[in-house]
Amino acid sequence: MPTSFPGSDRTADSEKPKKKSAGRNLRAAIGVGVGLGVVILASLFVYKPVFVGVIAIAVVVGLWELTSRLAERKDIRVPLVPLAVGGTAMVVAGYVRGAEGAWVAMALTALAVLVWRMTEAPENYLRDVTAGVFAAFYVPFLATFVALMLAAGADGPQRVLTFLLLTVVSDTGAYAVGWRFGTHKLAPRISPGKTREGLVGAVLFAMVAGALCMQFLIKDGAWWQGLILGFAVAASATLGDLGESMIKRDLGIKDMGTLLPGHGGIMDRLDSLLPTAPVVWLLYVVFVGAG
């Protein structure tokens, strides 16, 4: 006859596999995501310059989060004012004057960071301005490629919508497949939650969505181009996510901010979008022209 020991049921229960957790407030995340989607779609298809303003606001808030975390965790004093002004100028210049305007604004922003920092003590000058130039490139300059897509012509909003949809679909595919089937870690030292199975899910989801979007949303687009576009988006979005995870691990933080309940900060939503924007813009130019 089996012997029963006190607490044996509890021990058995503890050995049962635990149900996976999403790790965030899913209801809040969905609500915030829907709200952001409404704002983006309304500004994107009603009046293009308003969407340019949305990009600029996201850039400024992202810069504020990044520079604040650098100051708090590493005592790196990056001048925010020239970055915010220059970042806004980059986005507007990219929309109005194209890639050439964006490069000029980037150069002037870097110069402004160097000069602005001269008003303070020389200690750690090189460290601070290096971080400032990095921030200028990482946030506003990469975001400028979204403005370039928007300015492409009549299908500019559709190009931006496709870019946003593919990045979101890639992230969703990675999360869904990785949560359900993920067992092999992709980059455990950088982001322990990411799995190789999740990456496969991101690629498959993005390629299917890319084929549909290029065929039905983009003028002169073809489904096979969408397959290539989707693969590229999944790769760049994953690398972008890992890149920001690397930064956050170096800073010793989980999120860049707390502005968006269930998501973290603005930068935690831009991590996949920023490096993906130039990749998508370049493929648009190759496949269907600059507009």
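The values are calculated or read from the model by the stated rules, or taken from the named source; none is laboratory data. Bear in mind the structure is a predicted one, so any value in this text is a computation, not a measurement. Virtual Cβ from ideal backbone geometry, glycine too; neighbours counted across all protein chains shown. These accessible areas exclude ligands, DNA and RNA; they are computed on the full protein's heavy atoms, side chains included. Shrake-Rupley method; radii C 1.70, N 1.55, O 1.52, S 1.80 Å.
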(message) Net charge within 12 Å of Asp271 by Cβ-Cβ distance, Lys/Arg positive one each and Asp/Glu negative one each, not counting Asp271 itself?
(response) -4
(message) Sort Lys194, Lys254 by heavy-atom solvent-accessible area, probe 1.4 angstrom, most to least.
(response) Lys254, Lys194
(request) Determine the per residue accessible area of the chain with all protein chains present and a 1.4 angstrom probe, expressed in square angstrom. (result) 53
(request) Quick one: order Glu100, Glu65 from most to least accessible surface, probe 1.4 Å. (result) Glu100, Glu65
(request) Per DSSP H run of n ≥ 4, the term is -39500 (n - 2.57); total these for the chain, divide by its residue number, and report the mean residue ellipticity at 222 nm rounded to 500 deg cm²/dmol. (result) -25000 deg cm²/dmol
(message) Running a GNM on the chain with Cα contacts under 10 Å, which residue among Asp75, Asp271, Asp128 ends up with the highest mean-square fluctuation?
(response) Asp75
(request) With label points built 7 Å along Cα→Cβ from the Cα atoms of Phe137 and Arg180, find their separation and express it in nm. (result) 4.0
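How much net charge surrounds Gln215 when only the other residues with a Cβ under 15 Å from the Cβ of Gln215 are counted, with Lys and Arg +1 and Asp and Glu -1? Before the final figure, lay out the partial values.
Numbers: positive: Arg159, Lys219; negative: Asp155, Asp220.
Its environment carries a net charge of 0.
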(request) Pick out, from Gly198, Thr109, Tyr138, the residue whose Cα sits farthest towards the positive end of the charge dipole of the chain, with +1 on the Cβ of Lys and Arg and -1 on the Cβ of Asp and Glu. (result) Gly198
(request) Can you tell me the FRET efficiency between Val208 and Val85 if r is taken as the Cβ-Cβ distance and R0 is 51 Å, rounded to the nearest 0.05? (result) 0.80
(request) In a Gaussian network model over the chain where Cα atoms closer than 10 Å are linked, find which of Gly94, Gly221, Gly210 has the largest mean-square fluctuation. (result) Gly221
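Can you give the net charge of the other residues whose Cβ lies under 14 Å from the Cβ of Ile190, counting K and R as +1 and D and E as -1?
+3
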(request) Quick one: order Phe141, Phe134 from most to least accessible surface, probe 1.4 Å. (result) Phe134, Phe141
(request) With springs only between Cα atoms under 10 Å apart, run a GNM on the chain and tell me which of Ile30, Ile40, Ile266 wobbles the most. (result) Ile30
(message) How high is the relative contact order of segment 47-151? Use alpha-carbon pairs under 8 Å, at least six apart in sequence, and give a whole percent.
(response) 36
(request) With a 1.4 Å probe and every protein chain left in place, tell me how much accessible area Thr276 has, in Å² to the nearest 10. (result) 0
(request) Match the structure shown to one of the listed values (i) -0.67, -0.77, -1.31; (ii) -0.58, -0.69, -1.32; (iii) -0.45, -0.56, -1.33 of log10 I(q)/I(0) by the Debye sum over Cα atoms at q = 0.10, 0.11, 0.16 Å⁻¹, computed from it, and give that label. (result) (ii)
(message) Just to verify a number: FRET efficiency for Arg127 and Ala107, C-beta to C-beta distance, R0 = 22 Å, to 0.05?
(response) 0.55
(request) Measure nothing but the geometry: give the 0 to 90° angle between the long axis through the Cα atoms of 196-216 and the longest principal axis through the Cα atoms of the chain, rounded to 10°. (result) 50
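For segment 47-151, which whole-number percentage of the solvent-accessible area (1.4 Å probe, protein heavy atoms only) is attributable to carbon and sulfur atoms?
Numbers: 3500 of 4890 Å².
Result for segment 47-151: 72 percent of the exposed heavy-atom area is carbon or sulfur.
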